[in-house]
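Below is one structure; the comments refer to it alone.
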Amino acid sequence: MPAAIDTDNTIENNEIVGNANGIFVTTGVQGNTFRGNTIVGNPPVQVAVDHTANSGFDIKNLADAGANTFEGNVCVTSINAPCPSTGPSFTASPNPIPVTGAATLGVTTLSWSAPDADVVEIHVGSPNGPLFTQMGTRGSIQTGLWVSDGLTFYLQDVTGGKPLTSDYTLATLVVHLQKSGSAYLDFRGGPHWWGGATAVLFGLCLYGMRLGRSVPRWNRLWVVLSHAALFAGIAFSLSQSAEAQTQPAPQQTGATLDRMIAAHKSQQELAQYVFDTRGCKSCHTIGQDGKLGFTAKGKQRAQGFEGCIRMLTAMTVIVQVPADKRSPQQRQKAERFQEFGCTACHQLTPGKLELTEVGAKLAHLHLGCVDVEKLVANGSQR
């Protein structure tokens with residue numbers, strides 16, 4: 001606006017790039033509004049480099065302060081005009097995460113933009129906590145089912161090897177859970193829940209036996225046995241559910257391994273942790289002769305099992321076959337692959353078999369399935 005008569009104008013939602021000046025307001029101009037414009041690269045790089053005396057700006061305002069209004073413009077350089085920084089943003093969707101019943105974990109998608117950084121990392125719990133991902137300046141990624149209420153994520157600038165300290169924390173994000181009001185019975189908890197559940201079921205059985213007295217004597221045995229079978233079936237289901245809940249989430253496993261490594265724990269101690277928490281001990285027993293044995297459950301599952309190495313070799317082929325075109329034998333192997341807990345370290349992606357975050361960490365530590373087996377078994381001889 002080169003003349004003072006330019007007034008009562010609104011200039012908004014424009015992209016202004018590559019000029020000597022992006023927006024130029026001369027002396028005496030007033031009563032105008034500049035809103036929501038993107039003004040960058042003014043002057044262009046070539047001019048700025050070749051003509052160092054160039055005095056161009058994205059916004060060059062020579063009018064009196066307050067004579068014109070500047071709102072929500074994106075720019076890099078200015079004179080007598082606000083030029084807010086396009087700083088980092090870090091969000092989660094959904095947040096809070098809706099959960100039902102007794103659920104204590106949820107899934108969300110993290111999104112970020114860090115225009116002033118070249119490489120960023122997202123850490124969990126602290127600036128140097130467990131690494132969730134390393135990406136570029138902009139992106140989004142979904143978490144697994146391991147986000148607890150109040151969990152804090154840290155967006156760290158690691159450009160050029162910057163340390164994982166609060167000085168280079170670009171943004172923090174706290175994610176919460178939001179429970180619905182629906183009722184839900186959950187018997188997957190600890191011993192207190194188990195005691196309560198057992199008492200309730202036992203009471204139901206006794207009540208059924210009492211009702212059985214009103215039927216002919218020869219039917220009472222049938223009533224008692226029916227309730228006993230019901231009790232046994234429910235108890236077995238609860239035991240399976242409880243067993244599934246004993247395994248920590250992959251993110252928790254990775255974090256624990258990091259802490260153990262930092263504490264200089266031995267390979268045998270790391271192997272024992274994996275054995276205890278990744279479902280190995282539900283099928284294996286630690287023998288006295290340097291070999292692992294089988295529990296009753298393990299013996300049942302081991303029928304027809306070809307071994308870990310052959311299983312992985314077979315899956316590298318099966319994963320390249322679309323699920324709807326696999327043979328019955330291939331589908332059975334894929335089911336057993338998940339049943340045996342192989343997916344804790346290996347993930348099936350279209351066309352290939354890859355390592356999960358936990359699997360990559362264990363591979364780096366030379367703690368594959370066979371290595372864990374050997375270390376745990378040998379440790380039992382000491």
Only one of Pro130, Pro115, Pro96 is outside the structural domain of Gly18 (by TED's automatic domain parsing) and touching a His at 6+ places or on another chain (Cβ under 6 Å), namely Pro96
Residue in segment 61-71 that is in contact (Cβ under 8 Å) with a residue 24 or more places away in the chain, over 30 Å from Thr10 (Cβ atoms) and surrounded by fewer than 17 Cβ atoms within 10 Å (Cβ to Cβ) present
no
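Rundown of residues vs (1) at pLDDT below 80; (2) assigned to a loop (DSSP other than H, G, I, E, B); (3) out of contact with any strand residue (DSSP E or B) (no Cβ under 9 Å at 6 or more places or on another chain), yes/no style:
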residue	(1), (2), (3)
Pro2	yes, yes, no
Ile5	no, yes, yes
Ile11	no, no, no
Thr27	no, yes, yes
Thr52	yes, yes, yes
Lys60	no, no, no
Ser85	yes, yes, yes
Thr91	no, no, no
Across segment 117-162, which residue is surrounded by the fewest Cβ atoms within 10 Å (Cβ to Cβ) among those that are in a loop (DSSP other than H, G, I, E, B) and among the small types (Gly, Ala, Ser)?
Gly150
Looking at segment 17-29, I want the residues that are over 22 Å from Gly41 (Cβ atoms) and have a partner that is among the hydroxyl-bearing types (Ser, Thr, Tyr) and assigned to a loop (DSSP other than H, G, I, E, B) with Cβ atoms under 9 Å, at least 6 apart or on another chain. Which pairs are those?
Val29/Thr7
Condition check for Val321: part of a loop (DSSP other than H, G, I, E, B), at pLDDT 75 or above and either buried (at least 16 other Cβ atoms within 10 Å of the Cβ) or touching a helix residue (DSSP H, G or I) at 6+ places or on another chain (Cβ under 9 Å) (or both)
yes
Report, ordered by the first and then the second residue, all pairs with beta carbons closer than 6 Å, sequence separation of six or more or different chains, a first member in segment 110-134 that is without any contact (Cβ under 8 Å) to a residue 24 or more places away in the chain and closer than 22 Å to Asn95 by Cβ, and a second member that is in a strand (DSSP E or B) and among the hydrophobic types (A, V, I, L, M, F, W, C).
Thr133/Ile122; Thr133/Ile141
Looking at Thr104 and the list (1) β-branched (Val, Ile, Thr); (2) in a loop (DSSP other than H, G, I, E, B); (3) without any contact (Cβ under 8 Å) to a residue 60 or more places away in the chain, which single condition is not satisfied?
(3)
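The values are calculated or read from the model by the stated rules, or taken from the named source; none is laboratory data. Fair warning: this is a prediction, and the values are worked out from it, not measured in the lab. So basically every Cβ, Gly included, is an ideal-geometry build from the backbone, and we count neighbours across all protein chains shown.
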